[in-house]
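Encoded as structure tokens, the structure appears first; notes follow it.
No value in this document is a laboratory result; all are computed from the given coordinates. None of the values given here were measured: they were computed from a predicted structure. Neighbour counts run over all protein chains shown; Cβ positions are idealised from the backbone, glycine included.
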Amino acid sequence: MLLIRSLVFLLLQIIITPVFSALALLSFPFGRLTRYRFISLWAKMMLPILHAVCGIRHEVKGIENLPKQPCVILCKHQSAWETLALQVVFPPQVWVLKRELLWIPFFGWALALTSPIAIKRSDGTGAMKQLLRQGKERLAQGFCVVIFPEGTRIPFGQRGKYKIGGALLAASSGVPVIPVAHNAGRLWGRNAFSKHPGLITMSIGAPIETRGLKAEQINARVEAWIEQEIQNLEH
């Protein structure tokens with residue numbers, strides 16, 4: 001039954017995504033925020049489908065910590081679930097992602113219209129300069145900037161190296177950081193086909209004010225809070 005449910009969800013994704021992406025291309029003439037609000041409807045559609053088909057529910061702790069101003073969101077990355085949930089829970093946002101994602105037919109084309117910061121990972125210094133330049137531009141345009149500080153999906157229960165790019169952007173912009181922890185990988189694993197029914201908890205931490213802090217200090221506080229909170233979610 002688990003495999004059948006997971007297959008049905010995949011088939012629905014394959015059917016819905018190209019159609020929605022084609023419609024999303026029609027938003028091209030509109031402003032960045034308008035395009036984002038339309039394109040993010042895809043995530044708001046897929047989460048209820050995930051619940052109905054695969055039995056995956058979610059709850060959000062710390063909803064009072066949702067930002068009232070543009071900020072940098074540093075989130076644990078365990079599965080594809082948070083890529084949907086962040087769009088549903090948080091205000092308009094842009095993502096830092098590898099530019100190859102924009103080459104995926106339909107999905108990537110629509111993703112490009114959300115004004116992402118698409119970097120070439122192998123271009124270390126150049127990618128960091130791009131992140132800081134475009135990140136400041138997006139914050140000024142009213143977007144939050146979402147960064148997965150470990151850089152890639154980390155299996156549930158494991159811990160990656162927290163890269164400093166998001167903390168540098170926050171420190172140089174003077175905007176707060178919102179740390180986000182969750183346990184999605186417990187039900188929907190890294191690159192996993194099977195999606196297990198159950199409850200995912202997303203926990204939003206209190207804003208970390210960055211003025212007067214060095215990037216290394218910000219990064220250390222984010223890592224400590226996220227990893228401790230994930231331990232709390234396991235109990």
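For K161, the aspartates and glutamates whose Cα falls under 12 Å of its own Cα, not counting residues fewer than eight places away in the same chain, are E150, E223, E227. Going from the fewest other Cβ atoms within 10 Å to the most, the residues M1, M45, M202 appear in the order M1, M45, M202. Under a Cβ-Cβ cut-off of 12 Å, what is the net charge of the residues other than H77 that fall near it, where Lys and Arg count +1 and Asp and Glu count -1? Local charge sum for H77: +3.
Here's how it looks for V146: its modeled amide H is under 5 Å from those of I73, V94, W95, V96, which are all 5 or more places away or on a different chain.
Residue exposure proxy: E223, E64, E82, E100, ordered by other Cβ atoms within 10 angstrom of their Cβ from fewest to most, comes out as E64, E100, E223, E82.
Here the simple spin-label model places points 7 Å from the Cα toward Cβ, and for L233 and Q158 these points are separated by 1.7 nm.
For I56, the residues whose amide H sits under 5 Å from its own are H51, G198, ignoring neighbours fewer than 5 places away on the same chain, with H placed 1.01 Å from N. A43 sits among other residues whose Cβ lies under 12 Å from its own Cβ, and their net charge, with Lys and Arg +1 and Asp and Glu -1, is +1.
Pull out a ≥ b ≥ c, the square roots of the eigenvalues of the alpha-carbon gyration tensor of segment 45-163, then state rounded if a/c is under 1.5, prolate if not and a/b is larger than b/c, and oblate in the remaining case.
Rounded, because the longest to shortest axis ratio a/c is under 1.5.
Model label sites at V8 and K214, defined 7 Å from Cα along the beta-carbon direction, differ in position by 5.5 nm.
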